[in-house]
1. Please list the three semi-axes, largest first and in whole Å, of the ellipsoid equivalent to segment 138-287, using sqrt of 5 times the eigenvalues of its alpha carbon gyration tensor.
2. Mind checking the dipole of segment 210-281: about its Cα centre, +1 per Lys or Arg Cβ, -1 per Asp or Glu Cβ, Debye to the nearest 20?
3. Under 5 Å between amide hydrogens, which residues at least 5 positions from Arg80 or on another chain qualify, with H placed 1.01 Å from N in the peptide plane?
4. Net charge within 13 Å of Ala279 by Cβ-Cβ distance, Lys/Arg positive one each and Asp/Glu negative one each, not counting Ala279 itself?
5. Return the equivalent ellipsoid semi-axes of segment 179-253 as a descending list in whole Å, where each equals the square root of 5 times an eigenvalue of the C-alpha gyration tensor.
6. How large is the direction-averaged shadow of the alpha-carbon convex hull of segment 142-214, in nm²?
7. Give the residue list of GluC sites (Glu not before Pro) in segment 184-287 that are DSSP loop and have at most 13 other beta-carbon atoms within 10 angstrom.
8. Taking N as the number of residues in segment 105-160, what value does Rg over Cα atoms divided by 2.2 N^0.38 Å take?
Amino acid sequence: MAGKLYGDPNIVAGNDTPDGCAPATAGVPGAPPDKPSTSSAPAGASPAAVPSRLAGGLSHVDDLGKARMVDVSAKPHTDRHAVARCVVEATEKAESLLDSAEFSKERMKGIVDAVGRMGAARTPYLIPLCHQILLDRVDMQLDLGGRRLQVLATVEAHDRTGVEMEALTAVTLSGLALVTELEAQARIMEVSLLLKDGGRSGTWRTQAPHVTLLLFAGAREAAGTGRLVLRAYDVADVLAQAHARFGADFREMERVSACWVNSWQATAATALIEGDEVALLPPVSGG
């Protein structure tokens, strides 16, 4: 599960910008300083005519506003590591296809693996200004959780710049391949970078999305509350946090309850995105 793979989802290790990517704002702590531009101002130009850090400090834009590839020649080779994910949500029609005997989950995993590896390797040809990196490892993972499909890409290299773009490209193309495989009966809900490591900016980890756990009947009594806001990557993360907080009584009630995300039944492997509601519904009995 994503939360177990990437550590405590409530922790953000540093507030730096992923190495090798353009900083979102100027002065981000830990971000590598820009190398002075080699461009020269036109003869006779006044200072006002030559924009200084035109794009707010973007490292892929020079002082004249021209796009450039960042010069990393002075940086040392270090181990680089990145993890990204893409969440795809299928329609009810596609969900029934995923559960049918005719559908091959192994075939879909093979498609994700092939497309993701190809996408990571071809990133500098697909995304302008990306450096060509000799990749040491590209590992693709597909988790099927009811109506939600989650693609994870882990990319590693020993180079002067990071592999975040390679990981993001791998999961994005794999997600598009899944949408095509399901005959457009699905949509991409999220593409995000979960983790990057290596380089002078160190380790960066995103926070898991905010989700709401709704409890009913015995589970509500065991927990002492009917609503709990958590950060979690998937349903398994939510249940693990609830177990740790509320103890054995809650675990027993969770065992006999049905789990729903928003308005459809889910599994422990179901990926979560910002704003999801996870509900534990007790078994219904009647006479």
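1. Gyration-tensor ellipsoid for segment 138-287: 34, 20, 11 Å.
2. Rounded to the nearest 20 debye, it is 140 debye.
3. Here the answer is Ala157, His158, Asp159, since their amide H atoms fall under 5 Å of that of Arg80.
4. Values: positive: Arg220, Arg227; negative: Glu254, Asp276, Glu277.
Taking every Cβ under 13 Å from that of Ala279, the sum is -1.
5. Numbers: eigenvalues 196, 92, 19 Å².
Largest first, segment 179-253 gives 31, 21, 10 Å.
6. Values: hull surface 25.1 nm².
Mean shadow area of the hull around the Cα atoms is 6.3 nm².
7. Glu274
8. Its radius of gyration relative to the 2.2 N^0.38 Å reference: 1.29.
All of the numbers you see were taken from the coordinates with simple rules; none came from a lab. Just so we're clear, the structure is a prediction, and the values are computed from it rather than from any experiment. All Cβ positions, glycine included, derive from the backbone under ideal geometry; neighbour counts span all protein chains shown.
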